[in-house]
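Trainee: Okay, handing you the structure first.
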């Protein structure tokens with residue numbers, strides 16, 4: 001199914017739901033950020049040197065599996081449809097940067113799933129992260145209490161002299177124009193889902 005430019009697929013949308021749990025809270029559900037496990041992250045910092053000329057993707061992946069001890073899985077759909085051969089050379093480059101270049105050259109996407117790296121030709125769907133955020137201070141108005149009048153007066157022994165009001169006449173504070181919890185949720189969801 002095609003999407004208009006800037007339209008976000010339903011699975012990729014950030015969902016923001018207003019919730020009242022003792023206070024005013026937003027429940028935010030978003031696609032989970034894929035971070036490599038600490039073990040994989042350490043292996044991805046390994047320095048590699050290589051030279052591929054019109055190499056098949058499986059040959060490139062085998063190199064990274066052997067030299068960095070990485071578990072790399074290629075989506076079966078990628079193997080069935082094929083990708084362009086890889087021509088790329090590097091010296092003392094981190095495995096992470098090198099794999100980034102390989103995915104750029106082949107048009108693939110790299111995903112971290114548990115203790116493996118998964119190469120596919122499309123985004124993965126399904127994993128989401130959900131958090132609660134207290135937003136009372138953003139949607140609850142603060143009452144404005146009138147302050148005492150401040151002024152200065154100067155006088156002499158005969159009682160003469162004058163004074164002035166330090167801050168001028170007080171004006172009534174405008175009504176608080178804070179948005180409702182629902183309006184805040186709608187505004188945030190609209191803006192974070194723009195691409």
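Any read-out appearing in this document is the output of simple, stated calculations on the displayed coordinates, not a laboratory observation. Keep in mind that this is a model prediction, so the values were computed, not measured. Please note: Cβ atoms are built from the backbone with ideal geometry, for glycine as well, and neighbour counts cover all protein chains shown.
Trainee: Sort 45, 24 by Cβ crowding within 10 Å, fewest neighbours at the top.
Mentor: Fewest-to-most ranking of 45, 24: 45, 24.
Trainee: Assuming 0.36 nm per residue, please report the length gained on full extension of the stretch residue 109 to residue 145 beyond their Cα-Cα distance.
Mentor: Computed gain between residue 109 and residue 145 is 7.3 nm.
Trainee: Ranked highest first by average number of other Cβ atoms within 10 Å, how do 77-88, 108-119 line up?
Mentor: Highest mean packing first, the order is 108-119, 77-88.
Trainee: Between residue 35 and residue 51, what is the label-point separation in nm under the 7 Å Cα-to-beta-carbon projection?
Mentor: For residue 51 paired with residue 35, the spin-label model returns 3.9 nm.
Trainee: Here's another thing I want to ask about it. Once Rh for the stretch 26-150 is found with the Kirkwood sum over Cα pairs, what is the Stokes-Einstein diffusion coefficient at 20 °C and 1.002 mPa s, in µm²/s?
Mentor: Details: Rh = 17.5 Å.
Reported coefficient: 122 µm²/s.
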